[in-house]
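Notes follow once the structure below has been shown.
Just so it is clear, none of the values below were taken in a lab; they were calculated from the coordinates. Just so it is clear, the structure is predicted and the values come from calculations on it, not from any experiment. Every residue, glycine among them, receives a Cβ derived from its backbone with ideal geometry; neighbour counts consider all protein chains shown.
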Amino acid sequence: MESFKALARMNPRQLAQQILNVFMVVTSAVMLWKGLGLVTNTESPIVVVLSGSMEPAFFRGDILFLNNPATDPITTGDIVVFKIKGQDIPIVHRVVRAHTKGSDETQSVLTKGDNNKVDDRGLYPRGQLWISRKEILGKVIGLVPWAGFMTIAMNDYPSLKVALVGILGLIALVSREDE
Amino acid sequence: MSKSKNGDSGEPVKVFKWDGVAVKNALDDAIREVMTKKLPYTENFNLMDGRLLICGLAVGIAMFALAWDFIYPFPKSKPILIGCVGGYFFLMGILTLYTTFKEKGIFVVVMQKDPAGLDPDSRWEVASKMKKFDDMYEVTVRLIDGKSGASRETDFKRSVADFIDENGVICQDIIENQIMKMHSSLTAAKKDK
């Protein structure tokens, strides 16, 4: 294809610029993501619902927007996203009990998925009956139904992820901006 | 139509003639060939290096932010992240300013040595412009005299169809003709001074 031949004809500087262009597409996306995380004060401001444990409020594939204002107390009824020690995947469930104790207002929270029969104590690490404020990444403040279907597809079929990244990378490498 | 030599291997350059960006870039490359190979001038990379530096710095900052955030997870990484994200987008702004005001469509700069070896080099800059979905290719050739600093320029605005045949092959000889004409006129004007 002509585009690849054009790559071969470039002098080292032009090639370096092309490679940097590819990088900048990625880094711009990443920096926007990190920036969004800074604004919302949470490490993952946008998450995709992976299970049906919160139906009918959330369905698999919905996109959730999170916020984590430092001074906002967690109250019963809030839908929170939390990560259990030792686990990578965050869980989105509702707060069914919340206790505040002591002069420093430490919070202990019990969560349960709306669609689950039991509360989350079975998910917490052995011996842990409550989760603390620190384990909570944020509260859900917005929802876009269905928009996360791509993430679900890529989770179920990991080769899709590789294919998508590969194709996008190739396209970025051969497309030259107006120089 | 004559198929002329181009490119380092001597193969004629072929582009997908309906892709405006590819066509413009191929024509720019053809002009670069004339300025550096046909004419005895050496290419000056300062303009390009400046852009590479800004982009490289931005990517470096982003990589650093990623690495730091990986080693010291959020929220411990917050201050560094704020600095890096801010710095990254600041550099993006600088890049836009650089491309708009410094580069200004210039895609090749060459230095012409003074034959007597006394005066500083003169500089030739070639810039091009082509609107999206338009076939008009506008090229400006500028000569900045090494001694006086005075600049003189000439330009042309022609359809890309003048330089490419039906198969999308770039006609290097037609480009060469056009550029050499402009080169002679600017050189002659310089001598008239």
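What are the chymotrypsin sites (Phe, Trp or Tyr not before Pro) within segment B:100-188 that DSSP puts in a loop, where the Cβ has at most 10 other Cβ atoms within 10 Å?
B:133
Within a Cβ distance under 12 Å of residue B:98, other residues only, what is the Lys/Arg minus Asp/Glu net charge?
After counting each charged neighbour, the total is +1.
Please give me the summed charge of the neighbours of residue B:77: other residues whose Cβ is under 15 Å from its Cβ, Lys and Arg +1, Asp and Glu -1.
It works out to a net charge of +1.
Take the alpha carbon gyration tensor of segment B:1-134, find the square roots of its eigenvalues, order them as a ≥ b ≥ c, and report rounded if a/c is under 1.5; if not, report prolate when a/b exceeds b/c, else oblate.
The shape class here is prolate.
Can you tell me the orientation of helix A:12-40 relative to chain A, as the angle in degrees between its alpha-carbon axis and the longest Cα principal axis, to the nearest 10?
20
Rounded to the nearest 10 degrees, what's the angle between the helix A:158-174 long axis and the longest principal axis of chain A, both from Cα atoms, 0 to 90?
Once rounded, one gets 40 degrees.
Taking 4 °C and 1.567 mPa s as the conditions, I'd like the Stokes-Einstein D for the protein assembly as shown in µm²/s, using the Kirkwood hydrodynamic radius from alpha carbon pairs.
51
Taking the beta-carbon count within 10 Å as an exposure proxy, list A:129, A:64 from fewest neighbours to most.
Starting with the residue having the fewest Cβ neighbours, the order is A:129, A:64.
Taking N as the number of residues in segment B:110-181, what value does Rg over Cα atoms divided by 2.2 N^0.38 Å take?
1.38
Once the Cβ-Cβ distance between residue A:100 and residue A:15 is put in as r, and R0 is 51 Å, what FRET efficiency do you end up with, to the nearest 0.05?
0.30
Taking 4 °C and 1.567 mPa s as the conditions, I'd like the Stokes-Einstein D for segment A:75-179 in µm²/s, using the Kirkwood hydrodynamic radius from alpha carbon pairs.
Translational diffusion coefficient: 76 µm²/s.
Treat every Asp and Glu Cβ in the protein assembly as shown as -1 and every Lys and Arg Cβ as +1, leave all other atoms uncharged, and give the resulting dipole magnitude about the Cα centre to the nearest 20 debye.
600
Which Cα, out of A:18, A:73, B:139, lies furthest along the positive dipole direction of the protein assembly as shown (beta carbon charges, K/R +1, D/E -1)?
Value computed over the given set: A:73.
Strictly greater than 16 Å: what percent of every Cα pair in segment B:72-193 meets that?
When every Cα pair of segment B:72-193 is considered, 73 percent fall beyond 16 Å.
On a full-extension model of 0.36 nm per residue, what is the gain between residue B:133 and residue B:94, subtracting their alpha-carbon distance, rounded to one decimal in nm?
Using 0.36 nm per residue and subtracting the Cα-Cα distance, I get 11.2 nm.
What FRET efficiency comes out for residue A:156 versus residue A:5 if R0 is 41 angstrom and r is the Cβ-Cβ distance? Round to the nearest 0.05.
0.60
Which order do the peptides A:75-86, A:17-28, A:155-166 come out in when sorted by mean C-beta neighbours inside 10 angstrom, highest first?
A:17-28, A:75-86, A:155-166
Tell me, what HN-Hα J-couplings in whole Hz come from the Karplus equation 6.51 cos²θ - 1.76 cosθ + 1.60 at θ = phi - 60° for each residue of segment B:39-46, using x for Gly and Pro?
Values, residue by residue: 8, x, 10, 9, 6, 9, 9, 4 Hz.
I want the local charge near residue B:120. Using Cβ-Cβ distances under 11 Å, sum +1 for each Lys or Arg and -1 for each Asp or Glu among the other residues.
Value of the local net charge: -1.
Using the Cα centre of chain A as the reference point, and only Cβ charges (+1 on K/R, -1 on D/E), how large is the resulting charge dipole? Debye, rounded to the nearest 20.
420
For residue B:37 and residue B:177 in the same chain, what is the full-extension length gain: residue separation times 0.36 nm, less their Cα-Cα distance, in nm?
Going from the current span to full extension adds 49.0 nm.
So if we plug the beta-carbon distance of residue B:162 and residue B:104 into 1/(1 + (r/R0)^6) with R0 = 25 Å, what FRET efficiency do we get, rounded to 0.05?
Efficiency at R0 = 25 Å is approximately 0.55.
What whole number of Å gives the distance from the Cα centroid of segment B:140-169 to the Cα centroid of segment A:72-134?
After rounding, the separation between the Cα centres reads 68 Å.
Of B:58, B:116, B:150, which has the largest mean-square fluctuation in a 10 Å C-alpha GNM of chain B?
Between B:58, B:116, B:150, it is B:116 that shows the largest mean-square fluctuation.
Among B:96, B:36, A:42, which comes first, then next, by fewest other beta-carbon atoms within 10 Å?
If I rank by nearby Cβ atoms, fewest first, I get B:96, B:36, A:42.
May I have the convex hull volume per residue, in Å³, for the Cα set of chain A?
With only Cα atoms used, chain A gives 164 Å³ per residue.
Going by how many other Cβ atoms sit within 10 Å of their own, how do B:76, A:117 line up, fewest first?
Ranking B:76, A:117 by Cβ neighbours within 10 Å, fewest first, gives A:117, B:76.
Sort out for me the Cα centre separation of segment B:72-107 from segment A:135-162, rounded to whole Å.
Rounded to whole Å, the Cα centres lie 28 Å apart.
So what is the diffusion coefficient of segment A:58-97 in µm² per second by Stokes-Einstein at 4 °C and 1.567 mPa s, using a Kirkwood Rh over Cα pairs?
110
Based on alpha-carbon positions alone, could you give the equivalent ellipsoid semi-axes of segment A:25-89 from the gyration tensor, as √(5λ), descending, whole Å?
After scaling each eigenvalue by five and taking roots: 22, 17, 12 Å.
In this model, which of B:78/B:132; B:14/B:37; A:34/B:24; B:14/B:113; B:24/B:147; B:38/B:129 are farther than 30 Å apart at the alpha-carbon?
B:78/B:132; A:34/B:24; B:14/B:113; B:24/B:147
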